[in-house]
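These notes concern the structure reproduced below.
The values are calculated or read from the model by the stated rules, or taken from the named source; none is laboratory data. What you see is a predicted model; the values in this text were computed from it and never measured. Here Cβ is always computed from backbone atoms with ideal geometry, including for glycine, and neighbour counts include all displayed protein chains. For accessibility, only protein heavy atoms count, side chains too; no ligands or nucleic acids. Shrake-Rupley method; radii C 1.70, N 1.55, O 1.52, S 1.80 Å.
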Amino acid sequence: MQKARGAFDATYTPTGSFQTANVPLTVTGVGFFGFEHGQTGVAPNGTELHSVLDIQFGAGSGSAVRLSWTTPH
């Protein structure tokens, strides 16, 4: 998580307001389905990533989405 946050902070300056960035990237994290409750920037299907484990900015990340699910035992 620290590596992902460091990569983000090295590229952007976080603020208290939602901002839109049209940048290709690859995000690795643990996916969850959540209920929509009026939040800004929510995915159309309510999916969320907790926690973000890695983030890579720039070309070469492509536009494909790959989801891998592990069911707890």
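When you look at T28, is it open to solvent by 60 Å² or more (accessible area, probe 1.4 Å), modelled with pLDDT of 80 or more and part of a strand (DSSP E or B), yes or no? Criteria met by T28. Pairs meeting the criteria (first residue in the stretch 1-25 and closer than 19 Å to L53 by Cα, second residue in a loop (DSSP other than H, G, I, E, B), beta carbons under 7 Å, at least 6 apart or on different chains) are P24/G58; P24/A59; P24/S61; L25/S61.
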